[in-house]
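The values are calculated or read from the model by the stated rules, or taken from the named source; none is laboratory data. Remember, predicted model here, so these are calculated numbers, not experimental data. Positions of Cβ are generated from backbone atoms using ideal geometry, with glycine treated the same way; all protein chains shown enter the neighbour counts.
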Amino acid sequence: MKKIEELAEAFLDGSDEFSFVYDVEKEEVYLLSEVDEDEEYLPIPQMSSPEAYRLMEDFANEQDDKIREELLNALKGKKPFRSFKDQIKGQDIENKWYEFENAYAKEQMSEWLKEL
């Protein structure tokens with residue numbers, strides 16, 4: 001289970017600045033900048049911005065009417081990601097969001113491992 005959690009974290013935290021790789025033999029996650037380029041590692045997929053946006057919409061659509069509308073409105077305005085995060089804090093559903101996001105990431109990484 002620890003492996004999936006590490007992969008999920010890498011999936012969510014990966015960016016242009018911080019890419020993560022996976023050593024299949026050792027079942028270890030590494031920051032790309034910390035590995036020897038001569039070794040073979042698999043790049044860990046990263047959640048794209050459109051995928052993250054859809055995930056926020058999915059989460060919003062699972063909420064009660066009032067909260068759903070506020071979250072969806074936040075996603076329609078300027079800086080939708082920041083506005084969404086501000087709304088989940090203001091609605092006191094931040095932990096619920098991170099559980100939802102993490103469950104999605106674990107599911108994605110489980111599927112990715114099956115394809116290896």
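Here is how the numbers come out for the structure above:
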| item | result |
| --- | --- |
| Those residues of the range 47-92 which are surrounded by 11 or more Cβ atoms within 10 Å (Cβ to Cβ), within 14 Å of the chain's Cα centre (by Cα) and not in a helix (DSSP H, G or I), in sequence order | 47 |
| Filter pass, residue 20 being closer than 24 Å to residue 100 by Cα, at pLDDT 95 or above and surrounded by 18 or more Cβ atoms within 10 Å (Cβ to Cβ) | yes |
| Residue 7 being of a type in the set (A, V, I, L, M), closer than 30 Å to residue 80 by Cβ, surrounded by 14 or more Cβ atoms within 10 Å (Cβ to Cβ) and more than 17 Å from the chain's Cα centre (by Cα) | no |
| Matching entry among 30, 104 (being under 20 Å from residue 10 (Cβ atoms) and in contact with a helix residue (DSSP H, G or I) (Cβ under 7 Å, 6 or more places away or on another chain)) | 104 |
| Residue match in the range 48-67 (condition: of a type in the set (Lys, Arg) and farther than 19 Å from residue 6 by Cα) | yes |
